[in-house]
Amino acid sequence: MLEIQSIFSILFVTTGIIFMLMGSIGILRLPDFYSRTHAVSKSDTLGVFFVIIGLIIYEGFTLSSGKLFLVVLFIALSNPIGTHALARAALKKGIKPLLNDDKKGGPST
């Protein structure tokens, strides 16, 4: 049983790390502030979920895993709200989103 628990824990943590890596690549590759913010918000939230769930599986049903579950709930509530507030503040500050027409040589719709 312990071996299966370790395998699932490693799979969840590795999956979370891959999602966080994709979010980091999204920061570098995407063209404007809003798409970068969206990519990082979604991938980091999902990546942290997988990592913490992997830690919960590794720990078993203890008080520590209950605390980790509360951390997952806090992240599920705070990360989307923080990202929305950041994007809204950027829009109010005057940062315009990059639209399809704004690209040089891109197709217009």
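Name the most mobile residue of Ser41, Ser24, Ser64, meaning the one with the largest mean-square fluctuation, in a Gaussian network model of the chain with Cα contacts below 10 Å.
Fluctuation is largest for Ser64.
Would you mind telling me which residue in Leu28, Leu55, Leu11 has the biggest mean-square fluctuation in a Gaussian network model of the chain, where springs connect alpha carbons within a distance under 10 angstrom?
Among Leu28, Leu55, Leu11, the largest GNM mean-square fluctuation belongs to Leu28.
Normalised by the number of residues in the stretch 6-57, what is the relative contact order in percent for Cα pairs under 8 Å and 6+ residues apart?
58
Using helices alone, what [θ] at 222 nm do you get for the chain, with -39,500 (n - 2.57) per DSSP H run of 4 or more residues, divided over all residues and rounded to the nearest 500?
Numbers: 3 runs with 86 residues, N = 109.
Calculated at 222 nm, the ellipticity per residue is -28500 deg cm²/dmol.
Which whole-number percent gives the relative contact order of the chain, counting Cα pairs below 8 Å spaced six or more residues apart?
Numbers: 97 pairs, mean separation 30.2, N = 109.
Normalised by residue count, the contact order of the chain is 28 percent.
The stretch 1-64: D in µm²/s via Stokes-Einstein (Kirkwood Rh, Cα pairs, 25 °C, 0.890 mPa s)? Present the calculation step by step, with values, prior to reporting the outcome.
Working: Rh = 12.5 Å.
Answer from the Stokes-Einstein relation: 197 µm²/s.
Restricting to lysines 8 or more places apart or on different chains, can you count the pairs in the chain with Cα atoms under 26 Å from each other?
Taking the chain as the scope, the lysine pair count is 10.
About the Cα centre of the chain, what is the dipole size in debye to 20, counting +1 per Lys and Arg Cβ and -1 per Asp and Glu Cβ, all else neutral? Walk me through the numbers before you get to the answer.
Values: 10 positive and 6 negative charges, 122 e Å.
Once rounded to the nearest 20, the dipole reads 580 debye.
What's the extension gain from Phe61 to Ile25 if we count 0.36 nm per residue and subtract their Cα-Cα distance? Don't jump to the answer; show the numbers that get you there.
Values: separation 36, 0.36 × 36 = 12.96 nm, distance 3.46 nm.
Computed gain between Phe61 and Ile25 is 9.5 nm.
Roughly how much of Ser65 is accessible, in Å² to the nearest 10, using a 1.4 Å probe?
Estimated to the nearest 10 Å², Ser65 gives 10 Å².
Quick one, can you get me the convex hull of the C-alpha atoms of the chain expressed as volume per residue in Å³?
Dividing the Cα hull volume of the chain by its residue count gives 115 Å³.
Express in Å², to the nearest 10, the accessible area of Glu59 obtained by rolling a 1.4 Å probe over the protein heavy atoms while all chains stay in place.
80
Considering only protein heavy atoms and a probe of 1.4 Å, how much of the accessible area of the chain is carbon and sulfur, as a whole percent? It would help to have the intermediate numbers written out before the result.
Numbers: 5790 of 8020 Å².
Exposed carbon and sulfur together represent 72 percent of the surface.
Could you state the accessible area per residue of the stretch 1-95 in Å², with a 1.4 Å probe and every protein chain left in place? Working shown, then result.
Details: 6630 Å² over 95 residues.
Normalised by residue count, the accessible surface of the stretch 1-95 is 70 Å².
The values are calculated or read from the model by the stated rules, or taken from the named source; none is laboratory data. Just so you know, these numbers come straight off a predicted model, no measurement behind them. When we count neighbours, we look across all protein chains shown, and the Cβ atoms used for this are built from the backbone with ideal geometry, even at glycine. What goes into the accessible areas is simple: the full protein's heavy atoms, side chains included, and nothing from ligands, DNA or RNA. Shrake-Rupley method; radii C 1.70, N 1.55, O 1.52, S 1.80 Å.
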